[in-house]
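Here, each number is a calculation from the coordinates, and none is a lab measurement. Because the structure is a prediction, the values reported are computed rather than measured. Neighbour counts are summed over all protein chains in view; Cβ atoms, including those assigned to glycine, are modelled from backbone coordinates with ideal geometry.
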Amino acid sequence: MSADLSELYQQVILDHNRRPRNRGKLPTANRVAHGNNPSCGDECSVHLRLDGDRIAEITFDGSGCAISQASASLMTTQLKGKTAAEAQKLYDEFHHIVTTGEAPAEISDLAAFAGVHTFPARIKCATLGWHAALNALKGDPLPATTETHKD
Amino acid sequence: MFDLARTRADFPILHQQVNGKPLVYLDNGATSQKPRCVIDALVHYYERDNSNVHRGLHALSMRATDAYEGARARVAKFIHAADPAEIIFTRGTTESINIIAHGWARAHLKAGDVILTTEMEHHSNLVPWQQAARAVGATVRYIPVLGADAEGGLDYAALDTLLTPAVKLLAFTHISNTLGTINDAARLCARARAIGAVTVIDAAQSIGHTRIDVEALGCDFLAFSGHKMCGPTGIGVLYGRRDLLDQLAPDETGGGMVVSVTYEGATWKPSPERHEAGTPNIADAIALGAACDYLDEIGRDAIAAHDHHLAQIAMEKLSVIPGIRIIGPRAGQPRGGLVSFAFAEVHAHDIVTFADEDGLALRGGHHCNQPLMRKLGLTSTTRASFYLYNTAAEIDVLVASLHRIQKFFVG
Ligand SMILES: Cc1ncc(COP(=O)(O)O)c(C=O)c1O
C-alpha cells in the first residue's frame, strides 16, 4: 500500500469506522441536522442536546465511506461539552488539517485526518458530519452538504 | 472473436500508467474510451472541413454538410432505421428523453393517464417522466424488479395488470446500468403496442454493446449517447418514427428549423431539421459516424459475446470473495458487461480509492439509480463495467485488489 493511502486510512480512522462512537439517534435531542452529499450518497445526521450554550450530548447516524463515518464518530467525541463558538473553532482547525495536511501538535486525534489533503475528492467526506453539526448548532433547518463548496 | 491486442492498440488512452500501474479501465458504463479513428475524424474535420452546415454554398460548407448528413445516414443504418430523417442529433440520452417528455408527453397526456416505466431506470429515464406526469396530472407507475438482489429482472407477469388502457407511454432501459439486466425490449414493445401505448427505449448501455434494430424491436422512440459507444461526448441521438417526429412540437426554436418566418410567427420544417434548432454539433456527429464504422467493423455480436464472456468470468471470480453481495442476474444468466457489488463492511468509495492505487478505474455510488438502491437496501455499490478492449487478465487485477481491500478493512 502506498504511503499516501496509509496516511489516509490511519488506524484511528479505521478504528472509528469499525467501532463508531456515539452512533444512533438521541431521544433527548433538542437539535437535529441532516447532511448529505447527493452525488456520492453519503448521509449523516447529527443529533444534539444543548444545555444552555453547551453540547451536553451528541450522536450521529447515517451511512457512507470510512472517511465520512470515522470523521463523524471522532467529531462527536471532540464536541461533547463544547460551546458553539468552541465547536466552530475546532472545525476551523479540522478544516485546516484536511485541506493542508498541517496538524498542530496539540490536537492529536483530529490530526489523523491530515492524509485526506492528498485526496482532494475525499475532503467533502471528512467535513460532512461537521457541517451537519454546525447547522444543528445554528438551528439551520436546511440540510448540510459539502458537495457544493470546495470543502 | 476479434483480435484483442489489435483492438487495444486502437485506443491510445489505454497505454498509460496510473499510480505506477498499468491503467485498467473498468468504468465503461459511465463512458467508453475513444479509438484513434474517432479522434482522427474530429481532427480531420477541424483541420480540413470545418464550416457551418446547410446554409452555405461554398466548398467547405458543402463538405461539412455532406459529412454531417452522412453521419445521420450512418447512424440510421447502425440502428436499422428506415429513414435518416428519423435520426435527431442531441447532446445525449438525457436530452433525447427530455425532448419526448416535453414535446410528446405534454401534448398527448392528460389527467388520469399513466406513464409506465420500471423500477430499474437511470434518473435520466425517470425524472423527466415524473415531471411530465406532474405537468399534466398523469401518474407514473413502475414494473417491479424481482428478487432481493434484483436477480429476477423485470416482473413480466405484472404487465397483465399494469398495462391498462390508461397507459399511454412505456419507457424502459434496454440494459440496466446498475444491474446489468438485459430487458426483453421486443416483448415489452409488443405488449405496449397492443394497447396503443407509445414506447421509449433508453439504449444508453446497449447501443455500443449489442446489435440494435429499431424495426425488429418495434419501438417508437430510442435514445442513446455517443460517448458510451466509442464516440465523443456532447453528441447523442433521438430516434423516432417519422410520423411521430413530424407531429412532435419542437422543444427549441430558432434558426435552421423554420420554413417561413414573419413578424407574426413561423412554421416548422419536418424532421430532422425541426428538432435541431441552431448550429448543430457537427464535429461530434461526424465522429459518431466514425464510431459506428469502428464498431461495425469489429462486429456488435462479437462485442456482445466478449462482454458476456468477461461478465461471466467476473461473476465466477468475484462471487467467492468473502462478504460480497452481487446484485443483478445470477452467475450463468445473461447479463450485460458489468457487475455491481457491495460489501457490508467496506463502502464503495473506499473501494474505489483503494483500487485506484492499483491502476483500476471503477465507479462507486448510486449510479443515478437512487430508488432502486433504496429498494435493495443499499446506499451504494461498486461497479466494474467492461468493453471490447478489456481482458480477462484485468479481471484478475480487480479480484486481487478486492481481496487486498477486504483484508485491510475487515482483517
Ligand atoms: C441507462 C442510462 N440511461 C441514461 C444515461 C444518461 O446518459 P447521458 O448522461 O449521456 O445523457 C446513462 C448514463 O449514465 C445510462 O447509463
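For A:LYS138, the lysines whose Cα comes closer than 24 Å to its Cα, not counting residues fewer than 8 places off in the same chain, are A:LYS25, A:LYS80, A:LYS82, A:LYS89, A:LYS124, A:LYS150. Bridgeable lysines around B:LYS110 (alpha carbons under 24 Å apart, same-chain partners fewer than 8 residues away excluded): B:LYS168. Applying 1/(1 + (r/R0)^6) with R0 = 45 Å to the Cβ-Cβ distance of B:ASP184 and B:ALA5 gives a FRET efficiency near 0.80.
Treating r as the C-beta distance of B:THR161 and B:ILE321 and R0 as 35 Å, the FRET efficiency rounds to 0.35. Nearest-5 percent of antiparallel DSSP beta bridges in the protein assembly as shown? Among the beta bridges of the protein assembly as shown, antiparallel pairing accounts for roughly 70 percent. Taking 0.36 nm per residue of sequence separation and removing the Cα-Cα distance, the B:ALA148/B:ARG374 pair yields an extension gain of 80.2 nm. Counting Cβ atoms of other protein chains within 10 Å of each residue's Cβ and taking the mean over peptide A:56-69 gives 3.
Spin-label model, A:ASP53/B:ASN52: points 7 Å from Cα along the beta carbon direction are separated by 6.5 nm. With a 10 Å cut-off around each Cβ of B:347-357, the average count of Cβ atoms from other chains is 6. For chain B, the normalised intensity computed at q = 0.09, 0.13 Å⁻¹ comes to -0.57, -1.12 (log10 of I(q)/I(0), Debye sum over alpha carbons, equal scatterers, no solvent).
Once the C-beta distance of B:ASP83 and B:ILE195 is scaled by a Förster radius of 22 Å, the resulting FRET efficiency is 0.25 to the nearest 0.05. For the protein assembly as shown, the convex hull spanned by the alpha carbon atoms encloses 182 Å³ per residue. Secondary structure note: in chain B, about 60% of the DSSP beta bridges are antiparallel.
Take the alpha carbon gyration tensor of chain A, find the square roots of its eigenvalues, order them as a ≥ b ≥ c, and report rounded if a/c is under 1.5; if not, report prolate when a/b exceeds b/c, else oblate. Prolate is the answer for chain A, as a/c is 1.5 or above and a/b outweighs b/c.
Inter-label distance, A:MET1 to A:GLU86: 3.3 nm, where each label sits 7 Å from its Cα along the C-beta direction.
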